[in-house]
Amino acid sequence: MNENKIATDDMNYDKILREIYKEVSPLFNQGKVVQYIPALSAVPASKFGMAVCTLDGDVYTIGDTDERFSIQSISKVYALTLAFKMVGEDMWKRVGKEPSGNPFNSLVQLEYERGIPRNPLINAGSLVIADILLSQIPDPKHEILKFVRKTSGNSDIQYDNAVIASEKITGHRNMALAHMMCSFRNIYNPVDDVLDVYFHHCGISMNSIDLARSFMYLANHGVIPQSNEYIISNSRAKRINALLLTCGLYDESGDFAFRVGLPGKSGVGGGIVAVLPGKLSVAVWSPALGPSGNSLAGIQALELFTTKTGMSVF
């Protein structure tokens, strides 16, 4: 374990992070590291990193925050932001805004709703977003990576090609989701091209500090605080945050809102990132997952964070 204080403010985040680390450490080896993506199955369950970035520019960290990991479904938020910026309200003709209440890769729900995904943060919804981006820009993979580098302030962030290759070999359910939506005429581009964009953005690798920084535009009403660069309107940032609160942790979103009280997004790589609009973003990485595919220690750490700081959207 290492810990590092980059700056201070009125809240003693360093003390809080130390307390959180101690309290959640018994959870590190509970749950299971994701197994259906072979490239991720060997990640040690004992890893843990947590980073807090404030709008004032302060960064607080504890644990393995310099170690990169596969962010997986957290990347759906970047793709969603780009698509929302490009097509606006027309996006909602092809994807809903409601919590799924089912596993993130449910085929049954998608068939029942005739190829219209419940929201853009489940797998089917993000595949539609990938299709939208393919129709709007020549090279979505380049634009998504460029977006992540800009919002994180780190030009060295890369795709993890081993993870991408692993997902392409084992991603049969995502392939089935894409083909089903194609049969309902909700995928316009070649299915293989859509899957390629999706697998690539799920294969982005970054550390906890970069992840927290990359969500700061959602904590700052659509503007990157480090550079003051406009990304998306205040109104659309609000809507994305609403989706994160209601849909960001799949069928565990309600429990996360109840326990943590922040808009957030998880990935099966063990990462979770959350934002408190007007104040900060916080990212945590702990690879051991619970039944819904969310980090056990990560959720507990974020619950402790909002309890100890007294900060949430409620």
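Rule-based calculations on the coordinates, nothing more; no lab input. These figures come from a predicted structure and were not determined experimentally. As a convention, Cβ positions derive from the backbone with ideal geometry for all residues, glycine included, and neighbour counts pool all protein chains shown.
In table form, for the structure just shown:
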read-out	value
Modelled FRET efficiency - R0 30 Å, Asp192 with Phe258, Cβ distances, 0.05 increments	0.15
Among 225-234, 115-124, 59-68, the order from most to least packed when residues are scored by Cβ within 10 Å on average	115-124, 59-68, 225-234
Reduced Cα scattering model of segment 189-314, Debye log10 I(q)/I(0), q = 0.21, 0.22, 0.23 Å⁻¹	-1.26, -1.33, -1.39
Virtual spin-label span in nm between Ile137 and Ser235, 7 Å along Cα→Cβ	2.3 nm
Residues of segment 180-222 with amide N under 18 Å of the 7 Å Cα→Cβ point at Ser155	210, 214
Segment 10-72: C-alpha gyration tensor shape, a/c 1.5 cut-off, then a/b vs b/c	oblate
Inter-centroid distance (Cα atoms) of segment 20-65 relative to segment 262-283, Å	13 Å
Residue among Ser205, Ala288, Met216 farthest towards the positive dipole end of segment 198-296, charges placed on Cβ	Met216
Dipole magnitude of segment 62-218, debye to nearest 20 (Cβ charges: Lys/Arg +1, Asp/Glu -1, about Cα centre)	380 debye
Gyration tensor verdict on segment 187-228 (Cα atoms; rounded if a/c is under 1.5, prolate if a/b is larger than b/c, oblate otherwise)	oblate
Gain in span if fully extended, Glu23 to Thr307, counting 0.36 nm per residue against the direct Cα distance	100.9 nm
Segment Lys146-Glu98, length gained on full extension (0.36 nm per residue, minus Cα span)	14.4 nm
Cα centroid of segment 109-143 to Cα centroid of segment 289-314, whole Å	28 Å
³J(HN,Hα), Karplus 6.51/-1.76/1.60, whole Hz, each residue of segment 231-240, x for Gly, Pro	10, 8, 5, 4, 4, 6, 4, 4, 5, 5
Given (1) 125; (2) 148; (3) 113, the label whose value is volume of the Cα convex hull per residue in Å³ derived from this model	(3)
Residue order, fewest to most beta carbons within 10 Å, for Ser155, Ser183	Ser155, Ser183
Alpha-carbon gyration tensor eigenvalues x 5, square-rooted, for segment 258-314, Å	19, 11, 9
Spin-label model distance (nm) - Lys32 vs Glu111, 7 Å beyond Cα toward Cβ	2.5 nm
Spatially close lysines, pair count over segment 39-188: Cα under 19 Å, gap of eight or more or interchain	14
